[in-house]
Amino acid sequence: LGGNGRSLLLYIAYHIKRNQDYINLHTERTWKAMGISRPTLIKAIGQLIDIGVVSKRKKQSEYWVNPQFIFNGNRIKFIEVVKSDCLEVVANQSLIEIPDL
């Protein structure tokens, strides 16, 4: 991991919101705050993706942050809430729709 990758890792650690597993790295705001160029930021993001610290999400400039590396909050409670929400969604869905005869 290069120097800029380490700097971005620290930036994420200081800026990730409480009990979230993603961060918005809006390019212009981030590279200006870090005092680096846009291409350097893109390379730093690539370094973190390569080692599994972050992963691109569907929304532009959003990255999932691997909680094994960085998590701001109570990770156990966060995982329990996510699991609970997922189970509730699955429990409320019908797998097969049976037509009225």
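The values are calculated or read from the model by the stated rules, or taken from the named source; none is laboratory data. Nothing here was measured: the structure is a model prediction, and the numbers come from that model. Using ideal geometry, Cβ is built from the backbone for each residue, glycine included, and neighbour counts are taken over all protein chains shown. Only protein heavy atoms, including side chains, enter the accessible area calculation; ligands, DNA and RNA are left aside. Shrake-Rupley method; radii C 1.70, N 1.55, O 1.52, S 1.80 Å.
Brief remarks on what is shown
- Qualifying positions in region 59-68 - in contact (Cβ under 8 Å) with a residue 40 or more places away in the chain and open to solvent by 80 Å² or more (accessible area, probe 1.4 Å): TRP64
- Complete set of residues in region 37-82 that are in a helix (DSSP H, G or I) and at pLDDT below 90: ARG75, ILE76, LYS77, PHE78, ILE79, GLU80, VAL81, VAL82
- With respect to the stated conditions, LEU48 is surrounded by 14 or more Cβ atoms within 10 Å (Cβ to Cβ) and of a type outside the set (Ser, Thr, Tyr).
- Residue list for region 12-36, filter: in a strand (DSSP E or B) and without any contact (Cβ under 8 Å) to a residue 40 or more places away in the chain: ASN24
- Scope region 37-58; condition over 19 Å from ASN72 (Cβ atoms), among the aliphatic types (A, V, I, L, M) and touching a residue at least 40 places away in the same chain (Cβ under 8 Å); matching residues: ALA44, ILE51
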